[in-house]
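Q: Just dropping this structure here.
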Amino acid sequence: MIKLQSQLPSMQLEGKTVFLRADLNVPLKDATIVEDYRLKQIKPTLDYLLERQCKILLATHIGRPTEQEARLSTQVLVPWFKEHGYTVSFASSIEQAKELMQEDDKNIVLLENLRFFPGETLLNNAFAHELKELAEVYITDAYGTLHRDNTSVSKLPYLFEKNERAIGFLIEKELAALNKLLEAPKKPFLMIIGGGKVKDKIPLIQNLFPLVDQIALCPAIVYTFLKAFNYKVGDSLVDEHFTTKVCDLAQQAQELHVQLWLPPDFLVEENGQLSIVPIGDFAPTARGVSFGPKTVEAWTDSINKAGTIFLNGLPGRLSKPETLTYYNELVKIVADSPAYTVIGGGDSVGAALKLNLQDKINYLSTGGGATLIYLSGEPLPGLQPFE
Ligand code: 3PG
C-alpha cells in the first residue's frame, strides 16, 4: 500500500512554468466528448496552479494512435476548457509549445496527443529532455496512466529535482480512497468483479484474497470459471489458458474461507435475440452477455449487509443499453447500500455516471488498468519517482 500526499502545498509555485501530465483520455464519439469525468477530476490541481499564476503546459495522451490520427488530436478537448472558463492555447509541436509557454497572455498551453510523438511510448531520452525544456516544475495527476512506462509518465519526472516534482490532488485522492479497501476494510468485504480479461483479474483476486469475504464473479470472466467447473457455456468468451488457474483459485478461496459466487442466471444472445437462461443451460450457440434478474435477487441481501464493496468490470455492452438492464439494477443496489463503495474501470464508472450515481458511490476511480494494478499490489511506474 502506498500512502502519499500531494507535495503541492509545500512547493514554491508562484509564477512558475509547470508541466502538468494528466490523463484526459476521455471517451470520444465523432470528435465530441462522451463523458468528461476525467476532465472534471483534474480541476482541483489545475485551479490550484492557476491561482498561483503558473503557466501550465498540459499534456495527455488520447487513445492508442499508431500514426497522427486527426480524430485523436487533443484539440478535441479545447472547447471543454473554454466552456469551463479556462484560457487555453493549443500547441501541435514541441517548438510551438515552447513559444507559447514564453507568452504571458495564455495560462494553459495544451500539447498535442503525447502518443503522436514516437518518443512517448519508446521511453526515449531525447524526447524526455525536449519535454523537460518546457517547464520548471513537473506535476503528475495522470492517475489512470501511472501503470504505463511511458516517457512523460515514468522517465520525465526524474529529470526534475525532487523539490521540483510532485503528484497532484487527484492522485492523492485516488490512493486514499483505494487504501480504504486495503487497510482494515469494514467487513464483510464484497468484491463484484467482471469484465473481459481473466488474466488481468487473477492478480487482483489473489492480492485481495486475505481481505475479502465474498467474490461475486460476473461476465465475462465468470465463463472461464464455469468452463473449469464443467458447466455448459455455449459460445461464451472463455480463456482456455486459464481454466486450470481458476480451479487453483477456487481451491485457495475455499482454504481462506472466501465465498466465490456464480450468477444463478444469465442474459444470453443467440441469433441477435436476448434471453435469460439458468446457469449451465446455455445452448451451443448462445453467447453469455450479462447475468439475469435472479442473480440480482440472490445477491441483494448480501450487498445490503456488506461493509465494503469494490466493483470492477462491466458485464454487458455500453453501446447496447438493453444488455445493461440487470447490471444497472445491481449497481443501484450497490449505490444504496450502507457499505463503503468503490467502482473502478472506465466502462463500469461510465455506466454509474449514466445512472447519475456519482453522489451515492463513495468513490469512482478514474483508473481502469491503473486501479487494477494498484490493488493487485504491483508497482506503478509513474508513481515510483514520488515514493
Ligand atoms: C486508460 O484509459 O486506462 C489510460 O488512459 C491508459 O490508456 P492505455 O491503456 O491506452 O495506456
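Q: Filtering region 72-107 down to residues that are charged (D, E, K, R) and either open to solvent by less than 20 Å² (accessible area, probe 1.4 Å) or touching a strand residue (DSSP E or B) at 6+ places or on another chain (Cβ under 7 Å) (or both), which residue is farthest from Glu164 (Cα to Cα)? Explain how you work it out, then say what you get.
A: So the first thing to find is which residues in region 72-107 are charged (D, E, K, R), and the list is 82-83, 95, 98-99, 103-106.
Retained after the next criterion (residues that are either open to solvent by less than 20 Å² (accessible area, probe 1.4 Å) or touching a strand residue (DSSP E or B) at 6+ places or on another chain (Cβ under 7 Å) (or both)): 82, 106.
Details: Lys82: 29, Lys106: 22 Å.
Looking at the filtered set, the residue picked out is Lys82.
Q: List every residue pair whose Cβ atoms sit under 8 Å apart, with the two residues 6 or more apart in sequence or on different chains, where the first one lies in region 62-75 and is within 13 Å of the ligand (Cβ to nearest atom) and part of a loop (DSSP other than H, G, I, E, B) and the second, anywhere, is among the acidic types (Asp, Glu) and at pLDDT below 95.
A: Gly63/Glu69
Q: Sort out for me the strands (runs of 3 or more DSSP E) sitting completely within region 92-205 that have 1 or more residues that are within 30 Å of Glu67 (Cβ to Cβ), among the β-branched types (Val, Ile, Thr) and within 16 Å of the ligand (Cβ to nearest atom).
A: On the way: elements: 108-111, 137-140, 165-167, 189-195.
So the answer is 137-140.
Q: Okay, next question. Can you spot a residue in region 223-244 that is in contact (Cβ under 8 Å) with a residue 60 or more places away in the chain, in a helix (DSSP H, G or I) and under 25 Å from Phe189 (Cβ atoms)? Working first, answer last.
A: Initial filter on region 223-244 (in contact (Cβ under 8 Å) with a residue 60 or more places away in the chain): 223.
Filter again for in a helix (DSSP H, G or I), leaving 223.
Next, from what is left, pick out any that are under 25 Å from Phe189 (Cβ atoms): 223.
Looking through region 223-244, at least one residue is in contact (Cβ under 8 Å) with a residue 60 or more places away in the chain, in a helix (DSSP H, G or I) and under 25 Å from Phe189 (Cβ atoms).
Q: Give the number of residues within region 25-58 that are more than 16 Å from the ligand (Cβ to nearest atom) and open to solvent by 10 Å² or more (accessible area, probe 1.4 Å).
A: If we filter region 25-58 for residues that are more than 16 Å from the ligand (Cβ to nearest atom), which is where we start, we get 30-32, 43-57.
If we keep only those that are open to solvent by 10 Å² or more (accessible area, probe 1.4 Å) as well, we get 30-32, 43-44, 47-48, 50-53, 55.
Matching residues across region 25-58 total 12.
Q: Could I ask something else about it? Going by the conditions given, is Gly292 surrounded by 18 or more Cβ atoms within 10 Å (Cβ to Cβ), within 24 Å of Glu174 (Cα to Cα) and not hydrophobic (A, V, I, L, M, F, W, C)? Walk me through how you get there before you give the answer.
A: Numbers: surrounded by 18 or more Cβ atoms within 10 Å (Cβ to Cβ): yes; within 24 Å of Glu174 (Cα to Cα): no; not hydrophobic (A, V, I, L, M, F, W, C): yes.
Judged against the criteria, Gly292 is not a match.
Q: Which one of Val238, Val233, Val246, Val212 is touching a Phe, Trp or Tyr at 6+ places or on another chain (Cβ under 8 Å), closer than 25 Å to Ser365 by Cα and either buried (at least 19 other Cβ atoms within 10 Å of the Cβ) or not assigned by TED's automatic domain parsing to the domain that holds Trp299 (or both)? Outline the logic, then answer.
A: Numbers: Val238 fails: closer than 25 Å to Ser365 by Cα; Val233 fails: closer than 25 Å to Ser365 by Cα; Val246 fails: closer than 25 Å to Ser365 by Cα.
Being touching a Phe, Trp or Tyr at 6+ places or on another chain (Cβ under 8 Å), closer than 25 Å to Ser365 by Cα and either buried (at least 19 other Cβ atoms within 10 Å of the Cβ) or not assigned by TED's automatic domain parsing to the domain that holds Trp299 (or both) holds for just one of Val238, Val233, Val246, Val212, which is Val212.
Q: Of the residues in region 6-24, how many are within 16 Å of the ligand (Cβ to nearest atom), touching a Cys at 6+ places or on another chain (Cβ under 9 Å) and either not in a strand (DSSP E or B) or not assigned by TED's automatic domain parsing to the domain that holds Ser154 (or both)?
A: Of the residues in region 6-24, the ones within 16 Å of the ligand (Cβ to nearest atom) are 20-24.
The next check asks that each one be touching a Cys at 6+ places or on another chain (Cβ under 9 Å); those that pass are 20.
Of the ones still in play, those that are also either not in a strand (DSSP E or B) or not assigned by TED's automatic domain parsing to the domain that holds Ser154 (or both) are none.
Residues meeting the conditions: 0.
Q: Something else about it: Can you pull out the helices (runs of 4 or more DSSP H) entirely within region 307-387 that have at least 3 residues that are at pLDDT 95 or above, within 16 Å of the ligand (Cβ to nearest atom) and surrounded by 19 or more Cβ atoms within 10 Å (Cβ to Cβ)?
A: 369-375
Q: Okay, next question. If you scan region 114-139, which residues turn out to be surrounded by 18 or more Cβ atoms within 10 Å (Cβ to Cβ) and either closer than 18 Å to Met101 by Cβ or hydrophobic (A, V, I, L, M, F, W, C) (or both)?
A: Residues satisfying the conditions are Leu114, Phe116, Phe117, Phe127, Ala128, Glu130, Leu131, Leu134, Ala135, Val137, Tyr138, Ile139.
Q: Scan region 59-70 for residues that are touching a strand residue (DSSP E or B) at 6+ places or on another chain (Cβ under 9 Å) and either at pLDDT below 95 or crowded, with 18+ Cβ neighbours inside 10 Å (or both) and jot them down. Step through it out loud before you land on a result.
A: Taking region 59-70 as the starting set, the residues that turn out to be touching a strand residue (DSSP E or B) at 6+ places or on another chain (Cβ under 9 Å) are 59-60, 62-63.
Scanning region 59-70 gives Ala59, Thr60, Ile62.
The values are calculated or read from the model by the stated rules, or taken from the named source; none is laboratory data. Because the structure is predicted, anything quoted here is derived from the model rather than measured. As a convention, Cβ positions derive from the backbone with ideal geometry for all residues, glycine included, and neighbour counts pool all protein chains shown. Accessible surface areas use protein heavy atoms only, side chains included; no ligands, DNA or RNA. Shrake-Rupley method; radii C 1.70, N 1.55, O 1.52, S 1.80 Å.
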